[in-house]
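The values are calculated or read from the model by the stated rules, or taken from the named source; none is laboratory data. Only a predicted model underlies this, so the values are computations on that prediction, with no experimental measurement involved. Note that each Cβ is placed from the backbone with ideal geometry, even for glycine, and that neighbours are counted across all protein chains shown.
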Amino acid sequence: MTKVEKPDVFIIGSGPAGGAVARTCVAEGKKVVVADYQPFGGTCPLRGCEPKKFLFDVTNVALRRKHMTERGLRGCLAINWKMMMTAMAEMRDPIPSLVENFYEKHGIIAVHGKAQFASPDTILVNKKKYQPDRIVIAAGATPRPLDFSGNELLMNTDQFFEIRELPSRIVFIGGGFIAFELSHIAAIAGAQVDVILRSERFLRRFDPSLVECMIEASRDMGVRFHTMMPPSSLKKDRDELVLCAGEDNIEFRADCIVHAAGRIAHVAALNPQKGQLELNQKGGINVNEFMQSTSNPRVYAAGDVVGNTMELTPVASMEGMVVSHNILHGNGERPDYSVVPYTLFTHPPLSTVGLQEEEAQAQKIPYKVYEGSAAGWSEYRRIGERYPSYKVLVSKKDDTILGATMNGHNSEEIINIFAFAMRTKTTVAELNKWLWAYPSFGYTIRYMLK
């Protein structure tokens, strides 16, 4: 008879959510097993946030040099794609070993393989059965399937980070975070870049007026945008790829077509039916307010696999900590999504926190708006940035910040200040009394709230 292992906690996925649960539970004396079919560490450090930010930082220097030519900076500065990607890989590639070494040091059992439910209380990995007290699904997300002929010729965003020679012409399918971020990196590095979207609106999580400023900055880099262009077919023609899209089957010829049209919860491969797992409308694990499965109380879920929450590393980590608390101490902790800042790492970065104006209107919340261009401010004139802009929503009821969006250099840090103000319920009047280092980008908050 095959031996059945019975750990206290079995975690599917080794990313930020799964890692948070593993670390917390093992520290409390629990026997913990973590299974992952990909290298340990998860999407963010290996195939997402961290490698992307590395490429952003390198290309940002190149773009800044271009902006500085009118300010006296001279000399050639070109990106060596192969060297840049090699340097990125040297930073990234040790991470799985570091994670596994940490697990071994702390007594966490790491299992390489695809985990599946064999029954509501049993997990199967590499033909071995586990019957834990608690199961945590932190399996992340997987590229959204695109249904058109020739889709097997697409490159996914994971594969983009492995390119060692920059293609001359790249088409990105999609209009969200990763499509914009990677398109900017490729364009600054010297590729001809087209971005096609099946609908009309890009970057739906951000204010449309600031998105338009971002698009103008993108066009200055040579990125071309095409809306209402659902892809219909992809084929190879000698040494190039030909993508047909839109009602008129417009042809896009390129050396590389990248699928950047979003991701879905990585659930189907887990055999959710055998696990008696109810799914939500977005195909993720349906959970209650305590991150516990609504149909299988042995199971908790955190991170992108839930589907209904924001696909952000800090959110996944927070949910992992909530799950840990509820496993160890009983259901009592709930995730707090009230103030979640996030940034699109384009050139320049686009950052936001809280309500967008459309949401405030839909909720009939009385508000006033502070908005405008920051292009005339000395902070942005110094660095030659042409399209910085901002919008801040303030409650008419109590003068607190409802939401803020900022497009411009260092917006990722400015937005954290707004998030802090929202968490502490600091009023605009109080913010305007604060002293800031000058001249700094944080100081620009004073300009925004005049």
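Looking at the stretch 92-125 only, could you name the residues that are exposed (fewer than 13 other Cβ atoms within 10 Å of the Cβ) and either at pLDDT below 95 or within 23 Å of the chain's Cα centre (by Cα) (or both)?
Listed by number, the residues that qualify are Asp93, Pro94, Leu98.
Could you say which residue among Gly72, Gly150 is without any contact (Cβ under 8 Å) to a residue 40 or more places away in the chain, over 26 Å from Lys53 (Cα atoms) and not basic (Lys, Arg)?
Numbers: Gly150 fails: without any contact (Cβ under 8 Å) to a residue 40 or more places away in the chain.
Matching residue, one of Gly72, Gly150: Gly72.
For the stretch 137-178, how many residues are touching a strand residue (DSSP E or B) at 6+ places or on another chain (Cβ under 8 Å) and among the basic types (Lys, Arg)?
2
Only one of Leu166, Leu73 is in contact with a Phe, Trp or Tyr (Cβ under 8 Å, 6 or more places away or on another chain), of a type outside the set (Gly, Ala, Ser) and in a loop (DSSP other than H, G, I, E, B). Can you tell me which? Before you say what the answer is, go through the steps one by one.
On the way: Leu73 fails: in contact with a Phe, Trp or Tyr (Cβ under 8 Å, 6 or more places away or on another chain).
Unique residue meeting the criteria: Leu166.
On the basis of being in contact (Cβ under 8 Å) with a residue 24 or more places away in the chain, in the same structural domain as Pro16 (by TED's automatic domain parsing) and basic (Lys, Arg), does Arg334 make the cut?
Values: in contact (Cβ under 8 Å) with a residue 24 or more places away in the chain: yes; in the same structural domain as Pro16 (by TED's automatic domain parsing): no; basic (Lys, Arg): yes.
Criteria not met by Arg334.
Among the residues of the stretch 186-199, write down those that are among the β-branched types (Val, Ile, Thr) and under 20 Å from Arg263 (Cα atoms).
Step one: list which residues in the stretch 186-199 are among the β-branched types (Val, Ile, Thr), which gives 188, 193, 195-196.
Scanning the stretch 186-199 gives Val195, Ile196.
Assess whether Phe102 counts as being in contact with a strand residue (DSSP E or B) (Cβ under 8 Å, 6 or more places away or on another chain), over 30 Å from Ala254 (Cα atoms) and aromatic (Phe, Trp, Tyr).
Values: in contact with a strand residue (DSSP E or B) (Cβ under 8 Å, 6 or more places away or on another chain): no; over 30 Å from Ala254 (Cα atoms): yes; aromatic (Phe, Trp, Tyr): yes.
No; evaluated as a whole, the condition is false for this residue.
Output the qualifying pairs, or none if there are none: Cβ atoms under 7 angstrom, residues six or more apart or on different chains, first residue in the stretch 230-253 and part of a strand (DSSP E or B), second residue among the aromatic types (Phe, Trp, Tyr).
Cβ pairs passing all conditions: Pro231/Phe148; Ser232/Phe148; Ser233/Phe148; Leu234/Phe148; Leu243/Phe252; Ala245/Phe252.
Of all residues in the stretch 292-310, count the ones that are closer than 15 Å to Arg334 by Cβ and touching a Gly at 6+ places or on another chain (Cβ under 9 Å).
5
Can you list the strands (runs of 3 or more DSSP E) found entirely within the stretch 333-450 that contain at least 1 residues being over 27 Å from the mean Cα position of the chain (by Cα)? Give the derivation first.
Details: elements: 342-344, 350-354, 367-373, 389-395, 401-407.
Those strands (runs of 3 or more DSSP E) span 367-373, 389-395.
Which ones in the stretch 57-103 are out of contact with any helix residue (DSSP H, G or I) (no Cβ under 7 Å at 6 or more places or on another chain), within 15 Å of Gly42 (Cα to Cα) and either basic (Lys, Arg) or not assigned by TED's automatic domain parsing to the domain that holds Val33 (or both)?
If the condition is that a residue be out of contact with any helix residue (DSSP H, G or I) (no Cβ under 7 Å at 6 or more places or on another chain), within 15 Å of Gly42 (Cα to Cα) and either basic (Lys, Arg) or not assigned by TED's automatic domain parsing to the domain that holds Val33 (or both), then no residue fits.
Looking at Pro51, is it surrounded by 17 or more Cβ atoms within 10 Å (Cβ to Cβ), more than 19 Å from Tyr300 (Cβ to Cβ) and touching a residue at least 12 places away in the same chain (Cβ under 8 Å)?
Values: surrounded by 17 or more Cβ atoms within 10 Å (Cβ to Cβ): yes; more than 19 Å from Tyr300 (Cβ to Cβ): yes; touching a residue at least 12 places away in the same chain (Cβ under 8 Å): yes.
It is true that Pro51 is surrounded by 17 or more Cβ atoms within 10 Å (Cβ to Cβ), more than 19 Å from Tyr300 (Cβ to Cβ) and touching a residue at least 12 places away in the same chain (Cβ under 8 Å).
Give the residue that is nearest to the chain's Cα centre (by Cα), with candidates limited to residues of the stretch 129-155 that are assigned to a strand (DSSP E or B), modelled with pLDDT of 95 or more and farther than 24 Å from Gln292 by Cα.
The selected residue is Met155.
So, Glu371, is that one out of contact with any helix residue (DSSP H, G or I) (no Cβ under 8 Å at 6 or more places or on another chain), acidic (Asp, Glu) and surrounded by fewer than 20 Cβ atoms within 10 Å (Cβ to Cβ) or not? First the steps, then the outcome.
Values: out of contact with any helix residue (DSSP H, G or I) (no Cβ under 8 Å at 6 or more places or on another chain): no; acidic (Asp, Glu): yes; surrounded by fewer than 20 Cβ atoms within 10 Å (Cβ to Cβ): yes.
The answer is no for Glu371.
Select, from Ile383, Ile445, Ile414, the only residue that is touching a Lys or Arg at 6+ places or on another chain (Cβ under 9 Å) and surrounded by 14 or more Cβ atoms within 10 Å (Cβ to Cβ). If you could, list the steps in order and put the result at the bottom.
Details: Ile445 fails: touching a Lys or Arg at 6+ places or on another chain (Cβ under 9 Å); Ile414 fails: touching a Lys or Arg at 6+ places or on another chain (Cβ under 9 Å).
Answer to the check: Ile383.
Filter the stretch 15-52 down to residues that are over 22 Å from the mean Cα position of the chain (by Cα) and in a strand (DSSP E or B) and give me whichever is farthest from Pro143 (Cα to Cα).
Selected residue: Val32.
With Leu344, Leu393, Leu431 as the choices, which residue is surrounded by 18 or more Cβ atoms within 10 Å (Cβ to Cβ) and in contact (Cβ under 8 Å) with a residue 60 or more places away in the chain?
Numbers: Leu393 fails: in contact (Cβ under 8 Å) with a residue 60 or more places away in the chain; Leu431 fails: in contact (Cβ under 8 Å) with a residue 60 or more places away in the chain.
Just a single option satisfies the conditions, and that option is Leu344.
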